[in-house]
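Everything on this sheet refers to the single structure shown next.
The values are calculated or read from the model by the stated rules, or taken from the named source; none is laboratory data. As the structure is a prediction and not an experimental result, all values here were calculated from the model. Using ideal geometry, Cβ is built from the backbone for each residue, glycine included, and neighbour counts are taken over all protein chains shown. When the accessible area is computed, the model is the full protein with side chains, heavy atoms only, and any ligands, DNA or RNA have been set aside. Shrake-Rupley method; radii C 1.70, N 1.55, O 1.52, S 1.80 Å.
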Amino acid sequence: MIHNLSNTITTFFFKKNMIETSEIAIFCYGMEVIVSTFVGISTIILISAFLKNISFGILYLLYIVPIRMYVGGYHAKSYLKCNIVFSCFFIIALLCYQNMGLREYKILSYFNLMSTILTFNLAPLENKNKLIEKSKKKIYRNIDVLFYIVGGIVGICFKHLHWINILTIVITNVTILLLIGKGEEVYERTIKK
């Protein structure tokens with residue numbers, strides 16, 4: 001569906017002489033990313049509206065998008081699977097948010113603080129189709145560690161603030177996605193041998 005829509009949009013721009021023949025594949029891929037991102041964000045907003053917690057959905061997106069950009073993690077093999085995984089993690093996060101007490105948030109904050117070590121060793125986890133330059137890896141890793149240290153400390157100190165609790169859940173989600181992504185990477189390397 002996303003690929004077909006992107007092809008249609010690309011063909012439209014090509015017929016209007018807005019892109020060259022040599023740019024078709026790149027333009028189509030860019031449209032796929034834009035459409036998939038729009039579908040993912042719209043799905044989260046719709047789910048949060050359905051579950052009567054739009055503020056959670058918006059804060060979740062504001063936190064997870066930049067953190068995942070730098071940390072990386074699991075990447076699904078198709079846009080559909082990506083949006084399903086993204087939605088499932090969001091629903092789990094929202095359920096945790098609605099059912100956790102201060103004690104659980106404090107435990108999660110300590111977990112996130114300890115995850116800094118894990119993140120330092122594993123992140124950024126590259127997508128095999130989107131490699132990161134060596135010079136940028138170090139910058140990304142420093143940003144990742146900063147996210148985790150600040151998120152963990154703030155989570156411990158200000159656990160009574162709902163927007164901090166959302167950050168705590170997002171960092172936990174990203175850590176899980178990082179572990180799943182690394183596990184998948186190791187598994188694929190093992191199978192190739």
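For region 99-156, divide the Cα radius of gyration by the Kirkwood radius and give the resulting Rg/Rh value with two decimals.
On the way: Rg = 13.8 Å, Rh = 12.4 Å.
Using Cα coordinates only, the ratio equals 1.11.
For Cys157 and Glu104, the difference between the fully extended length at 0.36 nm per residue and the C-alpha to C-alpha distance is 17.7 nm.
Rounded to the nearest 20, the size of the Cβ-charge dipole of the chain about its Cα centre is 320 debye, with Lys and Arg at +1 and Asp and Glu at -1. Sequentially through region 100-105, phi angles give Karplus couplings (6.51, -1.76, 1.60; θ = phi - 60°) of 9, x, 4, 4, 5, 5 Hz, Gly and Pro residues having no value and appearing as x. Taking label positions 7 Å along the Cα-Cβ direction at both Glu20 and Leu51, the computed distance is 4.7 nm, reported to one decimal. A simple spin-label model places the labels of Val85 and Tyr187 1.0 nm from each other, with each point 7 Å out along Cα-to-Cβ.
Per residue, region 92-193 exposes 61 Å² of accessible surface when a 1.4 Å probe is rolled over the protein heavy atoms with every protein chain present.
Using unit Cβ charges (K, R positive; D, E negative) and no other charged atoms, how large, in debye to the nearest 20, is the dipole of region 1-84 about its Cα centre? Before the final figure, lay out each step's value.
Numbers: 6 positive and 3 negative charges, 49 e Å.
Roughly 240 debye for region 1-84.
Computed over region 17-140, the alpha-carbon pair-distance distribution with 10 angstrom bins reads 10, 32, 34, 18, 4, 1, 0, each value a whole percent.
Met100 contributes an accessible area of around 50 Å² to the protein surface, as traced by a 1.4 Å probe with all chains present. Of the Cα atoms belonging to region 63-117, the radius of gyration and Dmax stand at 13.5, 38 Å. Distance between the pseudo-spin-label points of Leu118 and Lys138 (7 Å out from Cα toward the beta carbon): 2.7 nm. Selection among Val170, Ser135, Phe89 by position relative to the dipole of region 82-170 gives Ser135 as farthest towards the positive end (Cβ unit charges, Cα centre). Each residue of region 52-65 is assigned a 3J(HN,Hα), and the resulting list reads 6, 8, 5, 4, 4, x, 5, 5, 4, 5, 4, 7, 6, 4 Hz, derived from the Karplus form 6.51 cos²θ - 1.76 cosθ + 1.60 (θ = phi - 60°), x at Gly and Pro.
Kirkwood hydrodynamic radius of region 1-41 from all distinct Cα pairs, in Å? It would help to have the intermediate numbers written out before the result.
Numbers: mean 1/r = 0.0986 Å⁻¹.
By the Kirkwood definition, the hydrodynamic radius is 10.1 Å.
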